[in-house]
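Where a number appears in this text, it was derived from the coordinates with a stated rule and is not lab data. Since the structure is predicted, the reported quantities are computational estimates derived from the model, not experimental observations. So basically every Cβ, Gly included, is an ideal-geometry build from the backbone, and we count neighbours across all protein chains shown.
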Amino acid sequence: MMCGLEIHVQLETESKLFCTCHTNYQEADPNTNICFVCLNQPGAKPYPPNKEALDGAVKIALMLGCKISPKITYFMRKHYDYPDLPSGYQRTSIPIGYEGDLNGIRIREVHLEEDPGQYKPDMGTVDFNRSGIALIEIVTEPDMKSPEEARKFLRELIRVLEYSGSARGEGTMRADVNISLEGGKRAEIKNINSIKGAYKALQFEMVRQKNLLKRGIEIKQETRAFLESQMITVPMRLKEEAEDYRYIPDPDLPPMLADEQNVEFIRESMPEPAHIKTERFVQEYGIQKAHARVLTSEMELADAFEEVAKEVDPKFAALWMRDEVKRVLYYNKLTFKGSGINAVQIVDLLKMLQDQKITTKAGQRIIEKMPHNSKMPRQIAEELGLVGLVEDDTVLQAVHQAIEENPEAVSDYYEGKKKAMNFLIGQVMRLTRGKADPSKTHQLVEQELGKVES
Ligand SMILES: [Zn+2]
């Protein structure tokens, strides 16, 4: 199969694309963030395009490896008839960037559009708060070969958008996917609002088309809608040809000359995109790609890792940040940024671990206390009484006690039940309040049980 995507996401701007109305439509009462311009009233002249939106589009295009249109940019009117669009046309720019690439999927173009209002067919009402908000549209070539590949691409794209700081996330995503199987025509699926939806729609469509082809039925070129509630696609209308939209340049908006200096400024100040950072981490720190992906899942986490790696062995840091820091963030449903944990704190913790001032177990407990906590791990460790590895004598004593108190586990051990060993180690950990070194404990328990048997 071949699959291409067209993805719309709202840009993160203070005001709309062609007027000064606010973009916080989700918090505002319906139809309060509006003016004559974004209501598309006859004769209302749009303001010049929002610079924040234009720069954001250029930044995202650059982060996707696109070439930037070197000449003039202008807006077209794309005509269609729907209640959310009183003027009967949507303003959409010519490509701002083109010929990009994201992990081997070619990006055909990136352009700007204005969002229409929100039509609610069941109520017969339209809310125009959303109308005129700047959207970025990213169009790929049909380079994806499976629903899994499309899902992977979308996840990576959302990471790029999040890194850019110029776009809103998956929550504002609307995607159209096109799919064709060998021997069939191309179908386009609209109304997809999530990565999961795109995956399900493609899966459904692939099976549907395969079954038709198997039965010798021709696949029509058509547009289908995805019904999220049922995870199926249904026919919508015959595919509109491009000329149906009767594109014309918008005479209310003068063409803009590309400002090369501005583009260069954006290129130099933009963040390194997640997919490129991932590759660099593998090269520079010698860590596995899967680990690098976790560390770059959030820009702030990636930045912190690089800070930590200046002071602590990068592989050791990667292990702790990927496993333990991420575990605690996940458990508390926090982002790294939202957790308030900083690189200095992580360095402090990792140094204690490296110097064997605390055990692994103690390290894990300290990390659990770190979100929303300005204390240094050293102080947390002292407060919890976790500083200092317990001396071998004490551990040995605890081992003896654990063996004496748990004859059942001991006999299980001799019967070859592996779990018994873990249980006994757990008992030693409990008796030493987690201060014993786990591998040392394992060794001692084995040694002492060996003695008992002989
Ligand atoms: Zn407005």
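Relative contact order for the stretch 148-301: 20 percent, from Cα pairs under 8 Å spaced at least 6 residues apart, divided by residue count. Between 0 and 90 degrees, rounded to the nearest ten: what's the tilt of helix 195-214 against the longest Cα principal axis of the chain? Long axis of 195-214 versus the principal axis of the chain: about 70 degrees. For the pair D393 and R430, label points projected 7 Å from Cα toward Cβ lie 2.6 nm apart. Tilt of helix 147-164 relative to the longest C-alpha principal axis of the chain, in degrees (0 to 90, nearest 10)? Compared with the principal axis, the helix lies near 90 degrees. Dipole size of the stretch 38-139 about its Cα centre, with +1 on Lys/Arg Cβ and -1 on Asp/Glu Cβ: approximately 360 debye, rounded to the nearest 20.
The slack between M123 and S146, meaning 0.36 nm per residue of separation minus the straight C-alpha distance, is 4.5 nm.
Taking a point 7 Å out from the Cα of K315 in the direction of its Cβ, the residues of the stretch 244-278 whose backbone N falls within less than 20 Å of it are 278.
In degrees, nearest 10, range 0 to 90: what is the angle between the Cα axis of helix 274-285 and the longest Cα principal axis of the chain? Between the helix axis and the principal axis of the chain, the angle is about 30 degrees.
Straight-line cross-link partners of K333 among the lysines, defined as a Cα under 27 Å from its Cα and at least 8 positions apart when in the same chain: K152, K196, K200, K277, K289, K315, K351, K361, K369, K375. For the pair the stretch 3-25 / the stretch 313-339, the C-alpha centres are spaced 32 Å from each other.
According to the Cα-based calculation, Rg over Rh for the chain is 1.11, with Rh computed by the Kirkwood formula. For the pair H400 and F265, label points projected 7 Å from Cα toward Cβ lie 7.6 nm apart. Modelled spin labels at N31 and L257, positioned 7 Å past Cα toward Cβ, are 4.4 nm from each other. Counting only the backbone N, which residues of the stretch 129-158 are under 11 Å from the spot 7 Å out from the Cα of S87 toward its beta-carbon? Counting backbone N atoms under 11 Å from the label point, the list is 132.
Over the C-alpha trace of the stretch 123-189, radius of gyration and Dmax come out as 15.3, 44 angstrom.
Average projection, convex hull of the Cα set of the stretch 325-426: 8.1 square nanometres. The calculated FRET efficiency for H8 paired with E222, based on their beta-carbon distance and R0 = 25 Å, is about 0.75. Stretching N24 away from T360 to a fully extended chain increases their span by 116.4 nm, per 0.36 nm per residue minus the current alpha-carbon distance.
Here the contact order of the chain, divided by its residue count and restricted to Cα pairs under 8 Å and six or more residues apart, works out to 13 percent. Computed extension length for E52-D101: 15.3 nm, one decimal, from 0.36 nm per residue of separation with the Cα-Cα distance subtracted.
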